[in-house]
């Protein structure tokens, strides 16, 4: 029977953690290339401290970094860092076989959706750059739903879909944000063992290492 | 004798006007690709009106566009537009022979600089993307100097360089911002017949259609 399949984005559809780290490294290397006289590791430690303080969605990490270094003319370093960061972000690639698997799920008659935490524009930007945005019937983002993923978020989504929870499947990497709350509202759950929480335990109904395992799991439901 | 040669950026080092128009067109096409049911020309006219109202450095043109279209869930369109705009911006290319000519001027013993109106980070971003940022001894941006290009701007620059005005050369496309004020403080002037003001008359000491003409002009000073 056709299912409504919801996918998390970050570390489920593409290696977000890896790309974020590469983007930060590339930004720092670009600042050094522009003449900043600090070591890569020193700058990386400062940047990570700023991200921890300000949050990852704060838009001026590199301005703060230059201010802390008492850089009087920061423009060249900020431009180099932001440019290199965006270049890396522009080159995000999905996990292997994500686009083809999504297409095959659609062709099998299922409807596919996104359920993600974050800012709506940023999450759409990722789907567009991964070239899979148009595959989804709809995209549910915490910013637009007014709350982060939890039982109430998934209850709203199931209601909007006009579906029974048992006809819905949540696919994600996070035990706390994806598996536990989706299970709590009666959805099927598939936990992807990808990203920085790959080794964590999970109470999910199914687990998968590879995106290509999903169609078989769905077929068995 | 070695000169201090100052270069404008926009429409002098690269075809800014062309790229800005292409970026806007690509942004609009990306919105349509994401499902916006308006014609390209209609959206273009709306966007140009918003840019005229808010200024070109306003950061939320596409949010305003979606608001005017009463788009209830604008994130996908804003993400598509901003992404396509930035992709185009990322691919800016210098006018023919700009990098090689700048290098040959350096090798001939001249010192080269930038003198530009705009926001410092945005202007540095352009130099970095054109891969010529490191060729310049320094970059003078109106935001950092506290005023737009005019006689007072160029007087400050000449003073900072510790040079005589007659040993300085301004190269730019704009009669009002580049040629008239640089001449007023006694600098040599070369007017590039490029960009959207290419056909305008000029009082510059020299005019050039091609960047490769600059070394010969400088040699004759």
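Summary table below
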{"quantity": "Filter pass, residue B:88 being more than 9 Å from chain A (Cβ to nearest Cβ), in contact with a helix residue (DSSP H, G or I) (Cβ under 6 Å, 6 or more places away or on another chain) and either surrounded by fewer than 20 Cβ atoms within 10 Å (Cβ to Cβ) or closer than 30 Å to residue A:127 by Cβ (or both)", "calculated": "yes"}
{"quantity": "Among the residues listed as B:48, B:36, the single one being within 20 Å of residue A:126 (Cα to Cα) and either more than 14 Å from every other protein chain (Cβ to nearest Cβ) or part of a loop (DSSP other than H, G, I, E, B) (or both)", "calculated": "B:36"}
{"quantity": "Residue list for region B:61-85, restricted to those being more than 9 Å from chain A (Cβ to nearest Cβ) and buried (at least 16 other Cβ atoms within 10 Å of the Cβ)", "calculated": "B:61, B:62, B:64, B:65, B:66, B:69, B:71, B:81, B:85"}
{"quantity": "Residues of region B:109-120 satisfying the condition of being surrounded by 17 or more Cβ atoms within 10 Å (Cβ to Cβ) and away from chain A (no Cβ under 12 Å)", "calculated": "B:110, B:111, B:112, B:113, B:115, B:117"}
{"quantity": "Residues that are farther than 20 Å from residue A:122 by Cβ and at pLDDT 95 or above, drawn from region A:1-32", "calculated": "A:3, A:4, A:5, A:25, A:28, A:29, A:30, A:31, A:32"}
{"quantity": "Residue within region B:96-108 that is in contact (Cβ under 8 Å) with a residue 60 or more places away in the chain, surrounded by 16 or more Cβ atoms within 10 Å (Cβ to Cβ) and part of a loop (DSSP other than H, G, I, E, B) present", "calculated": "no"}
{"quantity": "Top-ranked residue in region B:187-202 [being surrounded by fewer than 21 Cβ atoms within 10 Å (Cβ to Cβ), out of contact with any strand residue (DSSP E or B) (no Cβ under 6 Å at 6 or more places or on another chain) and touching a residue at least 24 places away in the same chain (Cβ under 8 Å); ranked as farthest from residue B:16 (Cα to Cα)]", "calculated": "B:201"}
{"quantity": "Any chance residue B:15 is buried (at least 17 other Cβ atoms within 10 Å of the Cβ) and touching a residue at least 60 places away in the same chain (Cβ under 8 Å)", "calculated": "yes"}
{"quantity": "Total residues in region A:139-180, condition closer than 13 Å to residue A:116 by Cα and in contact with a helix residue (DSSP H, G or I) (Cβ under 8 Å, 6 or more places away or on another chain)", "calculated": "19"}
{"quantity": "Every residue from region B:121-140 that is in contact (Cβ under 8 Å) with a residue 60 or more places away in the chain, facing chain A (nearest Cβ under 9 Å), crowded, with 20+ Cβ neighbours inside 10 Å and more than 19 Å from residue B:96 (Cβ to Cβ)", "calculated": "B:123"}
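The values are calculated or read from the model by the stated rules, or taken from the named source; none is laboratory data. Here the structure is a predicted model, which means the values were calculated and not measured. Glycine gets a Cβ as well: all are built from the backbone with ideal geometry, and neighbour counts include every protein chain shown.
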